[in-house]
Amino acid sequence: MKRHALYGILTGAVASHLARKLTAPEREREWWKRRNYRGNEVTLAGGVATAGALVASSVPLSLLDAHQGGAHAVATACAGGLGYLDDDTSTRASGSSAKGFTGHLEALSRGEITTGAAKIAGIGVGSLLAAITIERGSERSSVLDVGINTALIAGTANLINLLDLRPGRALKTVCLLSALSCAGPPPVAAEAGAVLAIAGTGLPRDLDERDMLGDTGANPLGAALGTAWAHLPSRRLRTGLLAGIIVLTAASEKISFSRVIESTPILSHLDHWGRRP
């Protein structure tokens, strides 16, 4: 494994350890408690710790590249903060039944501003700022690359959140994708290593249905992974990743990911691995 990936893993593990220590005393907060898909009580502390660790990991990443650390901080802070706003508001009687990307846009067209729509817009702005920061430190700087990277960061943030419907599903996906990304160029490997460590640290409690990611944790995990991919030098590769994300996101509006996973033996086996019976 590349030394940049090892550096990222080490910094991510330290950041995750500190974030979980800081959130531990607050774990029993009533307004962090939720009911999962089986009705079991879980806590959003896992998502808060994940978001905190991701933002904190931008400091050691900045020691390698100030532009990368800045982009990572902006993308994860915006995604985590707006995800928390959406999670917090969703526990109250908001009067809105809008679901999914299309649902929030339809509500917006009726003059109804949902927290989901605010989150989409906010993460989009954060992704744009992150993409601009990346391009300022790149020799390839162009409007096209800024556009591709903005969509890549925001799209990955949304996609990982869409997968957070069962214990461990989103974290397993992030662990797999970030582990593969550790083989990339130094900037990609360092950031992917940090994401891998943070996601891996949270996996046991998520699988055991003690913690949950929520939008608070899932959105910044995806944003961090997308920011790592935005450092790929190949525009064709970044465009290919973006195309895949767009296809999956569009499919999610019509097809249930859970139904597809359950009906595919190998995916079902991986999805259930480590989870409570």
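Evaluate the Kirkwood expression for the hydrodynamic radius of the range 164-213, namely the inverse of the mean inverse distance over all pairs of different C-alpha atoms, and round to one decimal in Å.
11.0
Can you list which of the DSSP-assigned H helices in the chain have a Cα extent of 15 Å or more along the long axis and an average Kyte-Doolittle score of at least -0.5?
In the chain, the long hydrophobic H runs are 3-23, 45-56, 66-90, 115-136, 143-163, 169-181, 186-207, 214-229, 235-252.
Could you tally the net charge around E262, taking each other residue with its Cβ under 12 Å from the Cβ of E262, Lys/Arg +1 and Asp/Glu -1?
Taking every other residue near E262 into account, the sum is +2.
How high is the FRET efficiency between R136 and S234 when r is their beta carbon distance and R₀ equals 22 Å, given to the nearest 0.05?
For R136 and S234, the calculated efficiency is 0.65.
Using packing as a proxy for protection, rank 197-203, 147-153, 13-19, 269-275 so that the peptide with the highest average count of other Cβ atoms within 10 Å comes first.
Per-residue Cβ counts within 10 Å, averaged per peptide and sorted highest first, yield 197-203, 147-153, 13-19, 269-275.
Longer than 30 Å from Cα to Cα, which of K2/K254; K2/K33; K119/K254 are they? Say none if no pair is.
Long pairs (Cα-Cα over 30 Å): K2/K254; K2/K33.
Just the Cα atoms of the chain, one point each, no solvent: what log10 I(q)/I(0) does Debye give at q = 0.12, 0.14, 0.16, 0.17 Å⁻¹?
Taken in order of the listed q values, log10 I(q)/I(0) reads -0.69, -0.95, -1.26, -1.41.
Using only Cα atoms, what Kirkwood radius does the range 113-187 have, in angstroms?
Over the range 113-187, the inverse of the mean reciprocal pair distance is 14.0 Å.
Compare the peptides 39-51, 23-35 by average per-residue count of other Cβ atoms within 10 angstrom and give them in order, highest first.
39-51, 23-35
Multiply the residue gap between E30 and D208 by 0.36 nm, knock off their C-alpha separation, and tell me the result in nm, one decimal place.
Net length gain for the segment: 62.1 nm.
From the helices alone, meaning DSSP H stretches of at least four residues, give me the mean residue ellipticity at 222 nm for the chain, per-run term -39500 (n - 2.57), in deg cm²/dmol to the nearest 500.
Using -39500 (n - 2.57) per qualifying helix, the result is -24000 deg cm²/dmol.
Below 15 angstrom from the Cβ of P60, what's the summed charge of the other residues (Lys, Arg +1; Asp, Glu -1)?
So the environment of P60 carries a net charge of -1.
Sum up the charges of everything whose Cβ sits under 10 Å from the Cβ of H231, counting Lys and Arg as +1 and Asp and Glu as -1, but leave H231 out.
Local net charge: -1.
Could you give the alpha-carbon Rg of the range 164-259 over 2.2 N^0.38 Å, rounded to two decimals?
1.11
Once the principal axes of the Cα atoms of the range 232-273 are found, what is the range along each, listed largest first in whole angstroms?
36, 24, 11
Coordinate-derived values only; no laboratory data. These numbers come from a predicted model, not from an experiment. Reconstructed Cβ throughout: ideal geometry from the backbone, glycine too, with neighbour counts over all protein chains shown.
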